[in-house]
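J.: Structure provided below as C-alpha cells; questions to follow.
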Amino acid sequence: MSSEKIRIFDTTLRDGEQSPGCSMTLDEKVTLARQIEKLGVDIIEAGFPAASDGDFESVRTVAEKIRRPSIAGLCRTRPGDLEAAAKALEVAAKPRIHTFIATSDIHMEYKLRMTRERVLEEVDRAVRQACGYVEDVEFSAEDATRSDWDFLVEVFSTAVAAGASTLNVPDTVGYTTPAEYGKLITHLRENVEGADKAIFSVHCHNDLGLAVANSLAAVNAGARQVECTVNGIGERAGNAAVEEVVMAIKTRSEVLGNVHTDVNTEEIYPSSRLLSTVVGVPVQPNKAIVGENAFAHEAGIHQDGVLKKAITYEIMTPQSIGRPSNELVLGKHSGRHAFQDRLKELGFQLEKKELEQAFARFKTLADKKKVIYNGDLEAIVSDEILRTDDRFKLGNLVIISGTFATATATVELFDGEQRLKTSCSGDGPVDAVFKAIKELTQTESKLLAYEVKAVTEGMDAQGDVSVKLLQGERSVIGQGAHTDIIVASGKAYVRALNKLEWHKKKHSLIEPKGI
C-alpha cells in the first residue's frame, strides 16, 4: 500500500511572529527561513505583505533567497492586499498567494459587517484576482470551526470554481475538538463541489491544548496539508507545533492512514534551537520532542529499562530529531573547523566574515571559561551575528554599587557613528544601566519583563538576560549574554530597543493579525 504525502506548511515567520514579543527583523527572518528550508517543509509563509513596509520587504527578500519550497504571502480579500502579495512574490521561484476572509456569523456580523452573499462575492473576486497573478492560490475561511457547515460548503465551492487549489479550514480561536474537526473535514470533502480538484488544509490554534490532536484528526479525515510553526509559537496559546505533527506522523503513520512527510527530521532540533535564539524565548523543559526533558529519564525503573533497551521507554531517539548526543563541545584549543561544524549542527549557516567574527568572540570567551557548551555558542551568534541592522550599540559601562553606595552607572552608547555617554543612579545596578540607556536613546518604551538565567552550568557560566519592551501595540524581546550579568542586561535592553527601532522604521508598531 503506497503512502500518501502530507504537505507541511510552515507559518513561523508569519503567524509565529504574532506571538507576543516574538517579532523578528529582516536578517533574523532570512536566517530562520534558511533553516526552515533545510528542515524540508513544502511551503513557507513569509508574512503579510500589505501589513507594513517591513512585512512587504521580508516576504520579498525571503522569496528571493529561498528557492526550494513554495513561498506564500498572506492577504485579505481586499484588492490592495492581493496586489501587495503579488508584488512581493514576483521574485519567488514558487509563489503562492494565500487569501482569506471570515465565514462565521460572529465575524461576519461584528467584524466584517457583511452578509453571506457579500462574502461569497468577495471570495469569488479575490480568488480570481489571485489566480491572475500566480498559479498556486490558497483560500482560507477564517473562523471556519465556528461557521455554519452548509455555508462553508458554499464558500469553498465558490473558491474552487474561482481557481483555488488549496482549501484551508482554520480553527482560528482553538475552539474545536478532534472528533468534531474530523467530521467537519469529512463533510467538506464529501459536499464541496470540485473537492477532488483541491487539497484540504488545516490551521489549528492551541487555546484548548488540542492543536496537534485536531490537526492529526483532520489528517485521518483526509486533509493533506497541515499548517504549523516551529516550537508551536503563535498568537495567544500558539499553533500546532511542526515537530509534534511531523514526529507523530513518522512514529504512528499506520494509524493516521499510512501517510508521510518530506521533512528531514534531523533538522528539527536545530530549527527549534535557532528559533529560540532568534526570538529570545526559551523552550519549556517538558515540551514534547524538543524540550530539555524530552529524552530525560529520572525514575530508576525507567533508567534501568532504557539502559537495557532504549525502546522500553523511548519511542524515538534523540538522533532522529538531530539532537547532539554530546553537549560538551569545545575549549580554547578548538579550531575553526570544529567550531564551524558545531554551529552547523545548531542550525547556523554563517558567511566567512560572520564566522571569523563569531570565532574571535568564541576565543575571547574560551579564555574566561574552561569549556564552551552549545548554549554558549548560540549566545555568541545571537549577540554578534544576528545584529547587522542595529541602530544602537552598547559600548563600555562602569558600575558603582553596594550596601554603602547608591548604584550609579556610566554608560557609553553608539548611535550609528555618534558616541554618546551619560551617568544615572538607580535602585540597583541594573536599574541604573537601564535608566542611562533610556536617557541616551530617548525611548518611550515600557519595560514589561526582565529575566536572568545561566546559559550553562558552572560558576563561570555566562548570564543570559531577556528583556521585554512595549511601544505602541508592539512588544519585543531582547536577549544578551555575557559573563558579567550587568553587561548582559545592558546588551539585552539595547537589543530590544533596536528591534523596536527596526519596526518603527518599517511602519510596523502595530502587529498584523491573520487566520
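J.: Look at Ala141 and say whether it is part of a helix (DSSP H, G or I) and among the small types (Gly, Ala, Ser).
T.: no
J.: What number of residues within region 460-485 satisfy the criterion of being among the aliphatic types (A, V, I, L, M) and surrounded by 21 or more Cβ atoms within 10 Å (Cβ to Cβ)?
T.: Number satisfying all stated conditions: 6.
J.: Please verify whether region 480-488 includes one or more residues that are under 25 Å from the mean Cα position of the chain (by Cα) and not in a strand (DSSP E or B).
T.: Yes: one or more hits.
J.: Another question, then. Test of understanding: among Val160, Val153, which residue is in the same structural domain as Ala72 (by TED's automatic domain parsing) and touching a strand residue (DSSP E or B) at 6+ places or on another chain (Cβ under 9 Å)?
T.: Only one candidate qualifies: Val160.
J.: Condition first: among the hydrophobic types (A, V, I, L, M, F, W, C) and crowded, with 24+ Cβ neighbours inside 10 Å. Now tell me which residues in region 52-82 satisfy that.
T.: Once the filter is applied, which keeps residues that are among the hydrophobic types (A, V, I, L, M, F, W, C) and crowded, with 24+ Cβ neighbours inside 10 Å, region 52-82 yields Val59, Val62, Ala63, Ile71, Ala72, Leu74, Cys75, Leu82.
J.: What tally of residues in region 18-62 results from selecting those that are in a helix (DSSP H, G or I) and not hydrophobic (A, V, I, L, M, F, W, C)?
T.: So the count comes out to 17.
J.: Another question about this same structure. What pairs come out if I take residues in region 109-128 that are closer than 24 Å to Ala85 by Cβ and of a type in the set (D, E, K, R) and pair them with residues that are at pLDDT 95 or above and part of a helix (DSSP H, G or I) whose C-beta lies under 7 Å away, six or more apart or interchain?
T.: Asp124/Thr158; Asp124/Ala162; Arg128/Ala162
J.: Just checking, how many residues over region 235-261 are modelled with pLDDT of 95 or more and under 13 Å from the mean Cα position of the chain (by Cα)?
T.: 6
Yes/no per residue for (1) hydroxyl-bearing (Ser, Thr, Tyr); (2) under 13 Å from Leu216 (Cα atoms); (3) touching a strand residue (DSSP E or B) at 6+ places or on another chain (Cβ under 7 Å):
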residue	(1), (2), (3)
Met247	no, yes, no
Lys250	no, yes, no
Val259	no, yes, yes
Val283	no, no, no
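J.: Condition first: among the polar types (S, T, N, Q) and either free of Cβ contacts under 8 Å to residues at least 60 places away in the same chain or in a helix (DSSP H, G or I) (or both). Now tell me which residues in region 66-104 satisfy that.
T.: Matches in region 66-104: Thr77, Thr99, Thr103, Ser104.
J.: Restricting the first residue to region 343-357 and requiring it to be without any contact (Cβ under 8 Å) to a residue 60 or more places away in the chain, which pairs with a second residue that is among the aliphatic types (A, V, I, L, M) meet a Cβ separation below 6 Å and a spacing of at least six or different chains?
T.: Pairs found: Glu354/Ile385.
J.: Being surrounded by fewer than 20 Cβ atoms within 10 Å (Cβ to Cβ) and modelled with pLDDT of 75 or more is the filter here; which residues of region 376-391 pass it?
T.: Correct list: Asp390, Arg391.
J.: If you scan region 150-205, which residues turn out to be among the acidic types (Asp, Glu), part of a helix (DSSP H, G or I) and surrounded by fewer than 17 Cβ atoms within 10 Å (Cβ to Cβ)?
T.: Asp150, Glu180, Glu190, Asp196 - these are the residues of region 150-205 that are among the acidic types (Asp, Glu), part of a helix (DSSP H, G or I) and surrounded by fewer than 17 Cβ atoms within 10 Å (Cβ to Cβ).
The values are calculated or read from the model by the stated rules, or taken from the named source; none is laboratory data. Just so it is clear, the structure is predicted and the values come from calculations on it, not from any experiment. Every residue, glycine as well, gets a Cβ built from its backbone with ideal geometry; the counts of neighbours run over all protein chains shown.
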